[in-house]
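The values are calculated or read from the model by the stated rules, or taken from the named source; none is laboratory data. Treat the numbers as computed from the prediction; the structure is a model and nothing was measured. Counting neighbours? That spans all protein chains shown, and the Cβs are built from the backbone with ideal geometry, glycine included. Note: accessible area is taken over every heavy atom of the protein model, side chains too, but ligands, DNA and RNA are not part of it. Shrake-Rupley method; radii C 1.70, N 1.55, O 1.52, S 1.80 Å.
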Amino acid sequence: MGQSIQNKAGLTDQDFLNIYQKMWDIRLFDEKVETLFLAGKIHGTTHLSIGQEATAAGSGYLLRPTDWITSTHRGHGHSIAKNTEMNQMMAELFGRENGTNNGKGGSMHIADLDKGNLGSNGIVGAGYPIAVGAALSSQMQGKDQVTICYAGDGSTNEGSFHEALNLASIWQLPVVFFIENNQYGMSSSIKEMVNIPHLSERGAAYGIEGVTIDGNDIVAVVDATYQAIEKAKKGRGPTLIEAKTYRFKGHSKSDQRIYRTREEELHWETNHDPLQLTEKLLIQAGILTKEASQQIEANRKEAVEQAVIFAEAGTLPAASALYENVYVD
Amino acid sequence: MRERTYLEAVNEALDEALAEDESVFLLGEDIGVYGGGFGATKGLIEKYGNKRVRATPISESAIAGAAVGAAMTGMRPIFELQFSDFITIALDQIVNQAAKIHYMYGGKASVPLVMRTAGGSGTGAAAQHSQSLENWTAHIPGLKVVQPSTPYDAKGLLHTAIEDQNPVMFYEHKLCYKMTGDVPAGKYTIPFGVADIKQTGTDVTIVATGIMVHKALKVAEQAQEAGISVEVIDPRTLVPLDIETIITSVKKTGRLLVVHEAVKRSGFGGEVASLVAESDGFYALKAPIKRLGGEAVPMPYQPQLEQNAIPQVSNIYEAVLSLMKQ
């Protein structure tokens, strides 16, 4: 296959089709999760990344299985992009023993170390130092690995962000700090919570190059991530990427979104839907047709339905599981 | 007899672990040429270089968190918190991350790290540099908590901590650093969850931790002169706790005194007392269980007030006498 879409990573048409398919996985997985929550089929809480599919899929696609990621409470997309199986993820949400975390973690803690996924995290900003530690391992072990630390805009006001960026910079660690600026930390508009126009400016305080990109533009995501990864691999240290995006849904399942207008939401859904934008890009490049796109969507919908079937068929943990794995024996 | 200080014992364990295992490394504030806040890492950067003895910025959250991330990915980090009070600014990584990851991930990841830190009062360092907060970590499932009182125990327990696959909180006491004792050359380990009977006796059981072990031993000497036989038990590890040894002792003596420097209120002494009260050791009790611990005040600066804030030899002795009256 050819290379119809210009990009710095040298991705082929097939690569972009693969990414597009991953974006559908993320969209449809989270839509299904929302439905299941509303139907009372799964409990707890969940944070959906609908509207943010390009950041996860575009950046995650550039990673090898041996590369690491750390993720956030809004992390289903990152896990899917890092090739954690949707079957196991769904089983985790159903609290099944064959879930990614044997049913012990749930939505906010999905991890899959075999795939290089160090886990999503319920504590805002906690992933920064952990990612730095993983990158430190890579450097000390002389391994050609890169860590992507996914985080949200709100987390850049946590002390851990500043401590970790500084540490990563002085030790020139192979880590990419990837901020998905979806513009709201729960209900708080990031514009009211920082007094700078771009979060990427914060990199300068630590001697880290910062870039702000359109996070719903798949090529921009691929290009920026590729450059950051290459830099990290060459031992030239971390990069701070701020990818501007928007979460179409509320913070969590109980959010009525009274802090933003329906007009604003409609504007983003109409003009900045990463799936629509990517589809358009691929069709214009001549590597996708509307029919093929619909086929991909239908295929991925089926895959998500299969994940639900897989999850429902999974066994529940035995009562003894309560006491297992508190400590490594 | 190979006499070494407690501080030297810690240093030797670190040295031997660095020499033995490539995945072991140290990180913390001033642990390089300065040798660490109290000198525990002296000479190590010269021997192992700045890649394995990593002096860090003053960033406790990043230090602890980097240790978590490194531990999850194949390394064995040992980080130093200069004063145990500073755990307050590292606590998310210790409590919400390190302690929970193995369980929360269904056993598919482990976090083999050691936090070394200096606790306790007696140095005039006042309220923010003198606390004994070990019980905070003992409350958290997933952490192991070690509190050595002697040079021998410090070295052996630190080796065990470094080999352990779990996050281990290693509390050193500042006033123990200069104490001397027999420390064998080379590596040896002391299993966790095995209390050490520092003094055998038949009339009163004192369970003491950290610096209080030494005070309890003085009391045992004094009591001996008064014809009272005191047994002193040092649990050495709060988690896992060797409650069996304590209960066995109580069955023998019928009297229990628990002493720690940490504030008595909601302290670990309450846990020990409860476990004994809940056991069949209860029936052996000739007197109600007694606890001594720090006063429920922030640690004051002035030396006399500072002394008064924690149990002294005289307080422990009085408690023993009062137990004997019943």
For segment A:47-60, check the following and say yes or no: at least one residue is out of contact with any strand residue (DSSP E or B) (no Cβ under 7 Å at 6 or more places or on another chain), over 27 Å from A:Ala220 (Cβ atoms) and of a type outside the set (Gly, Ala, Ser). no
Criterion violated by B:Ala109 - all others in (1) open to solvent by 10 Å² or more (accessible area, probe 1.4 Å); (2) assigned to a loop (DSSP other than H, G, I, E, B) satisfied: (1)
Residues (among the polar types (S, T, N, Q) and open to solvent by less than 20 Å² (accessible area, probe 1.4 Å)) located in segment A:48-71: A:Ser49, A:Gln52, A:Thr55, A:Ser59, A:Thr70, A:Ser71
Checked A:Thr239, A:Thr225, A:Thr245 against criteria (closer than 18 Å to A:Trp268 by Cα, surrounded by 19 or more Cβ atoms within 10 Å (Cβ to Cβ) and of a type in the set (Val, Ile, Thr)); the one match is A:Thr245
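Listed here are the residues, each with its yes/no results for (1) more than 17 Å from A:Ser71 (Cα to Cα); (2) open to solvent by 10 Å² or more (accessible area, probe 1.4 Å); (3) more than 8 Å from chain B (Cβ to nearest Cβ).
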position	(1), (2), (3)
A:Ala134	no, no, no
A:Gln139	yes, yes, yes
A:Gly154	no, yes, yes
A:Ile170	yes, yes, no
A:Phe177	no, no, yes
A:Val194	yes, yes, yes
Need the failing condition index for A:His162 against (1) buried (at least 17 other Cβ atoms within 10 Å of the Cβ); (2) in contact with a helix residue (DSSP H, G or I) (Cβ under 7 Å, 6 or more places away or on another chain); (3) without any contact (Cβ under 8 Å) to a residue 60 or more places away in the chain, just the number. (2)
Which number in (1) farther than 27 Å from B:Leu91 by Cβ; (2) within 10 Å of chain B (Cβ to nearest Cβ); (3) open to solvent by 20 Å² or more (accessible area, probe 1.4 Å) marks the one condition that A:Leu38 misses? (2)
Does segment B:303-310 contain any residue that is surrounded by fewer than 21 Cβ atoms within 10 Å (Cβ to Cβ) and in contact with a Leu (Cβ under 6 Å, 6 or more places away or on another chain)? no
Condition broken by A:Thr289, with the remaining ones in (1) open to solvent by 60 Å² or more (accessible area, probe 1.4 Å); (2) under 16 Å from A:Ala220 (Cβ atoms) satisfied: (2)
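In segment B:28-76, which residues are assigned to a loop (DSSP other than H, G, I, E, B), β-branched (Val, Ile, Thr) and crowded, with 20+ Cβ neighbours inside 10 Å? Walk me through how you get there before you give the answer.
Filtering segment B:28-76 down to residues assigned to a loop (DSSP other than H, G, I, E, B) leaves B:29-43, B:49-52, B:56-59, B:73-75.
Then drop every residue that is not β-branched (Val, Ile, Thr), which leaves B:31, B:33, B:41, B:56, B:58, B:73.
Hits for segment B:28-76 are B:Ile31, B:Thr41, B:Thr56, B:Thr73.
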Could you please tell me which pairs satisfy a Cβ distance under 8 Å, a separation of 6+ or placement on different chains, a first residue in segment B:58-81 that is under 19 Å from A:Val124 (Cβ atoms) and within 7 Å of chain A (Cβ to nearest Cβ), and a second residue that is among the aromatic types (Phe, Trp, Tyr) and open to solvent by 10 Å² or more (accessible area, probe 1.4 Å)? none
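Being closer than 22 Å to A:Thr147 by Cβ and of a type outside the set (Val, Ile, Thr) is the filter; apply it to segment A:89-109 and report the residue that is surrounded by the fewest Cβ atoms within 10 Å (Cβ to Cβ). First the steps, then the outcome.
Taking segment A:89-109 and keeping what is closer than 22 Å to A:Thr147 by Cβ, we get A:89, A:100-101, A:105, A:108-109.
Imposing the further condition that a residue be of a type outside the set (Val, Ile, Thr) reduces the set to A:89, A:101, A:105, A:108-109.
Numbers: A:Met89: 24, A:Asn101: 25, A:Gly105: 25, A:Met108: 21, A:His109: 23.
Per the criteria, the residue is A:Met108.
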Looking for whichever is farther than 25 Å from A:Thr156 by Cα and at pLDDT 95 or above here; the options are A:Val219, A:Val304. Which one fits? A:Val304
Restricting the first residue to segment A:102-124 and requiring it to be within 7 Å of chain B (Cβ to nearest Cβ), which pairs with a second residue that is among the aromatic types (Phe, Trp, Tyr) and not in a helix (DSSP H, G or I) meet a Cβ separation below 6 Å and a spacing of at least six or different chains? A:Ala111/B:Tyr105; A:Leu118/A:Trp68
